[in-house]
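Structure record follows, encoded as structure tokens.
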Amino acid sequence: MRTLLILGASGDLTGRLLLPGLARLIRLGRADGLKLVGAGSDDWSDEQWRTRIDGSFATAMEKADDAGRASLQQVRDDSSYHLLDVTHPGLADLVATLDGPVAIYFALPPSVSQKACSALGSESLPPGTRLVMEKPFGTDQASAHLLNEKLAKVVPEQNIHRVDHFLGKATVFNILGLRFANRILEPVWSNLHVEKVEVYFDEALALENRARYYDGAGALRDMIQSHLLQVMALLALEAPSSLHERDLRDHIGSVLRASSVDLDAPGSSRRARYTAGRIGDRQVTDYTAEPGVDVEKGTETLAEVTVSINNARWAGVPFILRSGKALGVTRKEAVITFKPVSHLPTGFKGEDAPTKLRIGFGPDTLQLEIDVNGPGDIFSLDRTTLSTDLNDTDLLPYGEVLEGVLAGDPTLSVRGDTAEDCWRIVEPVLKAWEEGRVPLEEYTAGSAGPDSWPSSHGG
Ligand code: NDP
């Protein structure tokens with residue numbers, strides 16, 4: 001038997017993402033022998049908690065075969081709920097009664113998670129207890145460091161899962177497979193041949209009533225500090241000797257330690273906020289008019305930073321990371337742009353456009369844009385795209401996170417030193433923005449972003 005204890009059982013994350021992800025895992029027979037326990041400050045009976053589970057398990061129930069349905073039903077029926085202020089010692093008492101190994105999921109506001117960690121202690125925890133921490137992990141490098149110290153007193157680093165649900169396991173291994181299992185790529189994967197690397201996460205979704213969280217975070221903290229730096233690390237890391245979490249996370253750590261933003265370089269960071277506009281048939285309100293937004297905070301809804309990786313492989317290659325909301329075009333991809341050929345034989349006609357490799361995330365796709373002598377004039381260079389869809393995982397992102405947690409496999413989790421480094425990289429940018437050294441620009445909701453940004457014109 002193993003136990004998943006969710007703290008914050010009544011919260012949004014639990015209902016909308018965790019329980020559906022878990023349901024998918026159970027349906028696929030990948031979470032056998034699991035006991036699900038909820039805890040929170042709502043005065044619920046076990047049956048009220050199970051009703052919540054029913055809502056989140058519904059889709060998986062519909063899709064399941066008989067065996068899957070039976071497993072889902074069993075987890076639901078065996079589940080229990082505990083009324084608890086998780087910041088009090090009663091938390092440690094509860095955990096001590098559970099069948100180990102216990103995975104404790106902190107689906108709580110960050111400040112409450114910290115207090116809950118203090119309430120846990122380490123003495124009475126069942127062997128193999130895992131702690132699952134949500135983003136944001138701290139608010140800067142110093143607070144992430146303190147949180148790491150606090151967690152280290154409770155369980156070893158190996159048992160701490162700092163969740164980054166952005167890249168599923170399939171996507172991570174797709175990137176690694178592409179890079180390291182293809183002889184033609186590795187020799188050109190460096191500053192000798194790569195002009196620039198861009199990572200985009202542009203979404204059409206606007207604030208969607210999330211002002212309470214988002215207005216305190218903004219696009220840089222919400223997406224770039226955590227998720228996009230991880231993508232960058234996968235694109236830039238040296239070849240690990242194995243896919244074991246230690247090798248992989250050592251290499252991710254190494255490349256992030258070499259990374260920084262050169263604030264003196266023009267355009268090294270940009271920020272903007274959307275104004276009212278239309279996205280498809282949807283009218284989007286000006287960000288500053290959204291309920292719960294504090295205009296004084298000057299929160300950006302679109303951010304871009306250019307990261308330098310100061311090592312032999314990547315010196316001189318800009319890694320441009322950009323993410324924003326309420327944009328007209330949804331764009332979730334990494335684009336590797338190669339340098340022009342050193343000499344194009346004279347006589348060719350047409351544009352000698354750079355070779356580009358595009359790696360799309362969710363759905364995972366791969367596209368190679370190259371020049372060929374297409375049909376018609378044999379001297380004319382034409383652009384063509386070699387394209388393939390990569391296998392998408394059966395699991396929802398949180399299903400993959402939970403599978404790793406339940407198996408005690410931290411491969412997809414962010415290691416403590418890396419979590420601190422990601423803050424170190426963005427902190428000077430945040431400071432420059434706070435001091436007004438980079439203007440807060442505007443873009444119309446539904447547009448491609450500020451017109452003056454090169455990244456608004458496609459990559
Ligand atoms: P919510 O505010 O919706 O839920 C928080 C939960 O914590 C509620 O169930 C709340 O219960 C409970 N809680 C708060 N204080 C206590 C306490 N002292 N004792 C027991 N329970 C308590 O937050 P979210 O679910 O949105 O977010 C949870 C975490 O997940 C955050 O760290 C967030 O950053 C992260 N996250 C959320 C995402 C999302 O889409 N929601 C996406 C990615 C990360 P009550 O309401 O009764 O106080």
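The numbers here are math on the coordinates, done by the rules we state, and not lab data. Note that the structure is predicted; figures quoted are calculated from it, not measured. Ideal geometry is used to build each Cβ from the backbone, glycine not excepted, and the neighbour counts take in all protein chains shown.
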Cleavage-rule hits (trypsin sites (Lys or Arg not before Pro)) in the stretch 133-179: DSSP loop, at most 12 neighbouring Cβ within 10 angstrom
LYS153
DSSP beta bridge pairing in the chain, given as percent antiparallel to the nearest 5:
55
Rounded if a/c under 1.5, otherwise prolate or oblate - the stretch 123-249, Cα gyration tensor axes
oblate
Within the stretch 3-162: Cβ-based charge dipole about Cα centre, in debye rounded to nearest 20 (Lys, Arg +1; Asp, Glu -1):
480
Can you list the GluC sites (Glu not before Pro) in the stretch 136-209 that are in a DSSP coil and have 12 or fewer other beta carbons within 10 angstrom?
GLU208
How would the stretch 332-386 be classified by its alpha-carbon gyration tensor: rounded, prolate or oblate, with rounded meaning a/c under 1.5 and the a/b versus b/c comparison settling the rest?
oblate
Would you please put 184-193, 228-237 in order of how densely packed they are, using the mean number of other Cβ atoms within 10 angstrom per residue and starting with the highest?
228-237, 184-193
The alpha-carbon center of the stretch 121-135 and that of the stretch 144-190 are separated, in whole Å, by 21
Which lysines have a Cα less than 22 Å from the Cα of LYS35, not counting those fewer than 8 places away in the same chain?
LYS63
Proximal aspartates and glutamates to LYS196, defined as alpha-carbon separation beneath 18 angstrom and excluding residues fewer than eight positions away on the same chain
GLU186, GLU238, ASP262, GLU304, GLU333, ASP352, GLU369
For the chain, the dipole about the Cα centre with charges only on Cβ (Lys and Arg +1, Asp and Glu -1), to the nearest 20 debye, works out at 440
With 25 Å as the limit, write out which pairs from LYS115/LYS135; LYS135/LYS332; LYS297/LYS332 have Cα-Cα distances beyond it, or answer none.
LYS297/LYS332
Over the stretch 3-162, what is the percentage of antiparallel beta bridges among all DSSP beta bridges, to the nearest 5?
0
Loop-only check: which GluC sites (Glu not before Pro) in the stretch 217-312 are DSSP coil with at most 14 other Cβ within 10 angstrom?
GLU238
Relative packing of 33-45, 99-111, 67-79, 333-345, which averages over residues the other C-beta atoms within 10 Å, highest first
99-111, 33-45, 67-79, 333-345
Please enumerate, by chain and number, the lysines with C-alpha under 22 Å from the C-alpha of LYS349, excluding those fewer than 8 residues away in the same chain.
LYS339
Given Cβ charges of +1 for Lys and Arg and -1 for Asp and Glu, the option among ALA9, PRO110, VAL132 whose Cα lies farthest towards the positive end of the dipole of the chain is VAL132
Among SER254, SER323, ALA445, flag the residue with its Cα farthest along the positive direction of the charge dipole of the chain, charges on Cβ as +1 for Lys/Arg and -1 for Asp/Glu.
SER254
With -39,500 (n - 2.57) per DSSP H segment of 4 or more residues and division by the full residue count of the chain, the 222 nm estimate, nearest 500 deg cm²/dmol, is -9000 deg cm²/dmol
Which of ARG415, ARG50 has the fewest other C-beta atoms within 10 Å, and how do the rest follow up to the most?
ARG50, ARG415
Quick one: 3J(HN,Hα) in Hz for the stretch 354-369, Karplus 6.51/-1.76/1.60 with θ = phi - 60°, rounded, Gly and Pro as x.
x, 5, 10, 10, 10, 10, x, 10, x, x, 6, 9, 9, 9, 10, 9
